[in-house]
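> Here you go, one structure.
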């Protein structure tokens, strides 16, 4: 029996169990339907920490759709999926190579696993002010110099740029290195021929999807995917790792939402909705290009990520104007460009409102774009595992050069860090720091 069918059955029971709300809201009446199916692990409802019936069946169906060896449901977001993947693969003292444009959960995973990190920098696009892909040649040179238990990278990036996972996966296999792909923003890739291939299809050992970002699920719905080709590891270690980080009181409405999200995307209706989304995005571009709008274009780019810039105005000012005058909020911006995320719920009407607003934004003919400076290669002086309980002092910014940071500096969540604990403060970092800087004692 599926999770949906299980929750739709009327229970003729008197429950003296958690949760205490007895499937009825005492406040927030608008959530009444959510309360009705919010059960704990009562008799017959299976258990996410050791699934044997409905949850096991639901995960199996999703695994078949995604063509994985096993897919695990995660109700605490891609963060928990990443921590669990890292715990399953990495033992204390083992070296890990990480692409710098990673989510902060990867750094937290290094804290928890006691893995020793080396960083590899992604390529950049100065015309757009963004980080792009991982160069396979640079990766191969790095792996030839050191052995790493795992390589962790983000693909697609926030802006929808995909690395050549097929080539990267082969390089990792040649060097006995597990490949973990943070594919949080690529949850639609299984369901549209107009989108790139998934990381698993291209040979990654592990991938992580965040279903709320583009696939239409509720916040915190995520998947941990294990490849059919993964070698030399017991699949049960992933369940054990998830059981460390994931709550023992999982939300059954979220579990049902994961099951239904994948079922919808895999249906004819879901395929049509995705096809319409792609078509609607492409329809707004020609008209906007006549108004000085330029769209980011690159091979293997995710079309659902609309990265654009407008002639005669900075990306930051464009973002501010859209928010203040048209009540439109972008996901991310820099001095050159703005990023607008779309997904399964993005309607033609919503895109048309963006199109109308972009045409109306005033510009300055004398405006000259300012370049974006990219961060330098980090200087790791203290490994993450040794930074957590370190004593610290505050110093004036002017006295902080080459001191060791004791604080994570991250310009926006959930972007990647500018400076992590244990790294030396370089001249470039000083522009990001306030008057007082927290350094290790």
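What follows draws every value from the coordinates through simple rules; no lab data is involved. As the structure is a prediction and not an experimental result, all values here were calculated from the model. Cβ placement follows ideal geometry from the backbone for every residue including glycine, while neighbour counts extend to all protein chains displayed.
> Any idea how far apart residue 32 and residue 367 come out in nm if each label point goes 7 Å out from Cα toward Cβ?
4.9 nm
> Residue separation times 0.36 nm, minus the C-alpha to C-alpha distance between residue 360 and residue 383: what's the value?
On the way: separation 23, 0.36 × 23 = 8.28 nm, distance 4.99 nm.
That pair, residue 360 and residue 383, stretches by 3.3 nm at full extension.
> Next question. Residue separation times 0.36 nm, minus the C-alpha to C-alpha distance between residue 240 and residue 144: what's the value? Show your work: numbers first, answer last.
Details: separation 96, 0.36 × 96 = 34.56 nm, distance 3.21 nm.
Extra length from residue 240 to residue 144 when fully extended: 31.3 nm.
> Could you list, bin by bin from short to long, the percent of Cα-Cα pairs of segment 154-248 in 5 Å steps?
3, 13, 22, 23, 19, 14, 6, 1
> Could I ask something else about it? In nanometres, what is the gap between the two model label sites at residue 9 and residue 408, each 7 Å from Cα along Cα-to-Cβ?
Those two pseudo-labels are separated by 4.2 nm.
> Right, another one. Taking semi-axes √(5λ) of the Cα gyration tensor in Å straight from the coordinates, which label in (1) 35, 30, 23; (2) 36, 27, 21; (3) 29, 27, 22 is the correct one?
Evaluating semi-axes √(5λ) of the Cα gyration tensor in Å on these atoms matches (1).
> On a C-alpha basis, how far is the centre of segment 223-258 from the centre of segment 175-204 in Å? Whole number, if you could?
After rounding, the separation between the Cα centres reads 17 Å.
> Report the Rg/Rh value for segment 3-265, based on alpha-carbon coordinates and the Kirkwood definition of Rh.
On the way: Rg = 19.5 Å, Rh = 19.3 Å.
With Rg and the Kirkwood Rh in hand, the quotient comes to 1.01.
> Which translational diffusion coefficient, to the nearest whole µm²/s, is obtained for segment 384-440 from the Stokes-Einstein equation, given a Kirkwood hydrodynamic radius over C-alpha pairs, 37 °C and 0.692 mPa s?
Working: Rh = 11.4 Å.
The Stokes-Einstein estimate is 289 µm²/s.
> With each label point set 7 Å from Cα along the Cα-Cβ vector, what nm distance links residue 247 and residue 289?
Here the modelled spin labels are 4.8 nm apart.
> Would you please give the FRET efficiency between residue 430 and residue 137, computed as 1/(1 + (r/R0)^6) with r the Cβ-Cβ distance and R0 = 22 Å, to the nearest 0.05?
Values: r = 32 Å, r/R0 = 1.47.
Approximately 0.10, to the nearest 0.05.
> Report the calculated FRET efficiency for residue 176 and residue 52 (r = Cβ-Cβ distance, R0 = 45 Å), to the nearest 0.05. Let's see the in-between values first.
Details: r = 34 Å, r/R0 = 0.76.
For R0 = 45 Å, the calculated efficiency reads 0.85.
> Using every pair of alpha-carbon atoms in segment 335-441, split the distances into 5 Å bins beginning at 0 and state the percent of pairs per bin, rounded to integers.
All Cα pairs considered, the percentages come to 2, 10, 16, 16, 12, 9, 9, 9, 8, 8, 2, 0.
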